[in-house]
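The next block holds one structure in the form of structure tokens; read it before the comments.
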Amino acid sequence: MTEPWIRKEVIGDCVLYQGDCMEIMPQLGSMDAVVTDPPYGMAFQSNRRTVAHKAIANDQSLDLLHWACEGLGNHSSYIWMRWDNLLDGIPKPKSLITWVKDNHSMGDLKHEHGRQTEVCAFYDGPDHYWPKGRPNDVIKAARAGNELHPTQKPVGLMQAVVGWTAGVVCDPFMGSGTTLVACAKMGRKGIGIELDPDYFDIACKRVEEAYRQPDLFVSKPKEPKQTGFDI
């Protein structure tokens, strides 16, 4: 049987696949946690940067957003989106996380408040629990600058979200790899999938760099140990 991915790279505790997540995910089995930023119908095309970003694959449709919101994680799913995607028929999230940025982004300059927030839908799975106590639904973090990807998230933001999950973290729309960088820095196992070969290469390089320069104050989670038997 032919493998559904184009490339597979194992870097530390992270596995990165280049290919179509809709073809790869069924081969990987059930997921513990999903943290991702899927295409959500923006039809993004950069024309304002010195080095313009390419169009995001499959961003003309809401199909992948709907798929990502189906509760793919047995523990939890965190799905980044626009606020108005809540009106696009996605399943009702358990709660909505708000990222407060250090400055506002572009929008309707004449008739809209400056956008200084972005939202993430949270879906609890059948195995959900809070690993470190119940968190708040607001995170403050400076913007990443989008130098590597048009919707690039800051590492600190993704570390906060990953910290709310348990088990292996999967990002089906990996982009430049920030979710996997967060996993590497936190000693968590991660799976990333990205269709675009250029972004896949960027993600691999960033994860490798994260393992070369780990966060010194984050201890790797201990493996569970069996302490007794029921007889």
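Figure legend. Inter-residue proximity from the range 76-103: first residues over 16 Å from Thr36 (Cα atoms) and modelled with pLDDT under 95, second residues assigned to a strand (DSSP E or B) and of a type in the set (Asp, Glu), beta-carbon distance below 8 Å, spacing 6+ or different chains. Indicated pairs: Lys101/Glu118.
Among all positions in the range 105-116, there is no residue which is in contact with a strand residue (DSSP E or B) (Cβ under 8 Å, 6 or more places away or on another chain) and surrounded by 18 or more Cβ atoms within 10 Å (Cβ to Cβ).
Filtering the range 14-36 to residues that are crowded, with 16+ Cβ neighbours inside 10 Å and either more than 21 Å from Phe122 (Cα to Cα) or modelled with pLDDT under 95 (or both) leaves Cys14, Val15, Leu16, Tyr17, Gln18, Gly19, Asp20, Ile24, Leu28. Among the residues of the range 184-212, the ones that are crowded, with 16+ Cβ neighbours inside 10 Å and without any contact (Cβ under 8 Å) to a residue 12 or more places away in the chain come to 1 in all. Of the residues examined, Gly41 is not one that is modelled with pLDDT of 90 or more, small (Gly, Ala, Ser) and part of a loop (DSSP other than H, G, I, E, B).
Report whether or not Lys205 is basic (Lys, Arg) and more than 15 Å from the chain's Cα centre (by Cα). Yes; evaluated as a whole, the condition is true for this residue. Is there a residue in the range 142-164 that is touching an Asp or Glu at 6+ places or on another chain (Cβ under 8 Å), crowded, with 20+ Cβ neighbours inside 10 Å, touching a residue at least 40 places away in the same chain (Cβ under 8 Å) and not acidic (Asp, Glu)? Yes; the residues of the range 142-164 include at least one that is touching an Asp or Glu at 6+ places or on another chain (Cβ under 8 Å), crowded, with 20+ Cβ neighbours inside 10 Å, touching a residue at least 40 places away in the same chain (Cβ under 8 Å) and not acidic (Asp, Glu).
Can you go through Asn47, Asn58 and tell me which one is under 17 Å from the mean Cα position of the chain (by Cα) and either at pLDDT 95 or above or in a loop (DSSP other than H, G, I, E, B) (or both)? Just a single option satisfies the conditions, and that option is Asn58. Do you know which residues across the range 9-25 are more than 17 Å from the chain's Cα centre (by Cα) and within 15 Å of Phe173 (Cα to Cα)? Selection gives Glu23 alone.
The values are calculated or read from the model by the stated rules, or taken from the named source; none is laboratory data. Bear in mind the structure is a predicted one, so any value in this text is a computation, not a measurement. Here the Cβ is made from the backbone with ideal geometry for all residues, glycine too, and neighbour counts use every protein chain on show.
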